[in-house]
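Read the structure below first, then the notes.
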Amino acid sequence: MKLALKRAQANPELFQMVRGRARKIRLRRFKKYAIYFAVKDDAFAVLSVFHASRNPAELARRLE
């Protein structure tokens with residue numbers, strides 16, 4: 001997970017934009033999990049670490 005976050009901080013535009021300003025990192029080792037993050041100015045913020053089988057409405061609420 002640390003490696004994925006370092007990659008995202010270095011090149012956030014490489015990751016898929018999913019909702020508003022949120023971007024998605026799919027984890028290699030934990031394939032059912034994804035990290036959702038946003039970058040504003042120079043600030044990097046993790047919005048959610050989310051399991052794929054959870055309710056998508058919960059994810060939408062977190063990313064608002």
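Some notes on this structure:
- Pairs of Lys residues in the chain, spaced 8 or more positions apart or belonging to different chains, with C-alpha separations under 17 angstrom: 7 in total.
- Only one of [x] 6.9; [y] 4.1; [z] 5.1 was calculated from the structure for mean projected area of the Cα convex hull in nm², and its label is [y].
- Peptides ranked, highest mean first, by Cβ atoms within 10 Å: ranges 44-55, 19-30: 19-30, 44-55
- Short-range pairs are left out: with C-alpha atoms under 8 Å and at least six residues apart, the relative contact order of the chain is 21 percent.
- For the chain, size of Cβ-based charge dipole, Lys and Arg +1, Asp and Glu -1, in debye: 400 debye
FYI, it's all coordinate maths here, none of it is from the lab. Everything quoted here is computed from the prediction, not taken from an experiment. Ideal geometry is used to build each Cβ from the backbone, glycine not excepted, and the neighbour counts take in all protein chains shown.
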